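Working notes, beginning with the structure itself.
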Amino acid sequence: MRKVRLLLALAARGGTPHEAAAAASRAQAVLDAWELTREECEAGDSDEMTTTLDVRDGWIATEGKGTLWKQHLIAGLAQLNGCASFIGRRGKGRSYEMSGRRAAIEAVRALYGWLSREISMISRAKSVGRGLRFAESFRYGMSELIVMRLLDSQRLAFEKARAAAENPAALVRVESAITRIASQQLAERWMRSREGTKMRDVKQEFAQVDIVGRIEGRAAGGRMDLTGPAPRLEDAR
């Protein structure tokens with residue numbers, strides 16, 4: 001993708017018509033060989049590693065005290081999209097941050113905005129008169145099952161695509177997609193080596209989970225429709 005972007009840039013500013021045509025021809029050959037589209041390659045900084053810390057108020061979520069269900073949901077969505085999640089100190093006090101490819105982070109942001117609203121709305125209706133611990137446990141159970149379903153669906157989709165690949169180029173593209181999705185460790189290593197950022201591993205303490213709330217939440221998460229219309233990015237901020 002980087003090579004195609006460079007060739008397209010060269011074609012746009014070629015010194016002679018012959019040089020421009022040669023660069024454009026070479027870019028098309030790479031596109032054909034890897035079964036890519038020009039739009040995918042021209043995404044530019046969507047393929048660059050970045051972090052939410054570099055954006056003012058750029059966190060995925062922020063709150064005064066960490067909650068188990070939000071942390072689990074964000075960590076699961078990060079894994080789904082090949083990002084690394086971690087907890088920072090800004091905003092209301094505790095912020096959920098992320099490192100990874102720019103496009104992947106935006107996908108997590110959109111998914112979290114949609115899913116967290118749905119989980120909160122359903123839990124409010126199911127937890128009336130049953131206490132805060134039940135409500136929090138219900139939300140944790142829902143997020144737990146939703147993350148499990150999404151990861152299972154992704155794994156099955158890749159296995160299906162791999163089995164259907166009839167030529168080496170298509171198979172390489174499938175493997176490339178798997179590599180990108182599984183790049184969570186790369187994103188974490190990038191973040192740990194980033195100059196000016198200090199990271200430390202801390203074990204968090206959460207209130208004891210209400211077993212009944214968690215079970216009912218898991219049941220609700222299993223019933224939730226995850227195939228609806230895609231959320232809009234502006235709604236997720």
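Sorted ascending by nearby beta carbons within 10 Å, beginning with the fewest, 111, 156, 10 become 156, 10, 111. Peptides 75-82, 146-153, 200-207 ranked from most to least packed give 75-82, 146-153, 200-207, packing being the mean of other C-beta atoms within 10 angstrom over each peptide's residues.
Summing Lys and Arg as +1 and Asp and Glu as -1 over all other residues whose Cβ lies under 13 Å from the Cβ of residue 75 gives a net charge of -2.
Would you list which lysines come within 25 Å of residue 3, measuring only between C-alpha atoms, while excluding same-chain residues fewer than 8 positions from it? Output for residue 3: empty list, no partners. Reducing the range 184-230 and the range 1-20 to their Cα centroids gives an inter-centroid distance of 43 Å.
A short reminder: the numbers here are calculations on the coordinates, not readings from a lab. Note that this is a predicted model, so its numbers are computed, not measured. Quick reminder, even Gly has a Cβ in these numbers, built from the backbone with ideal geometry, and neighbours come from all protein chains shown.
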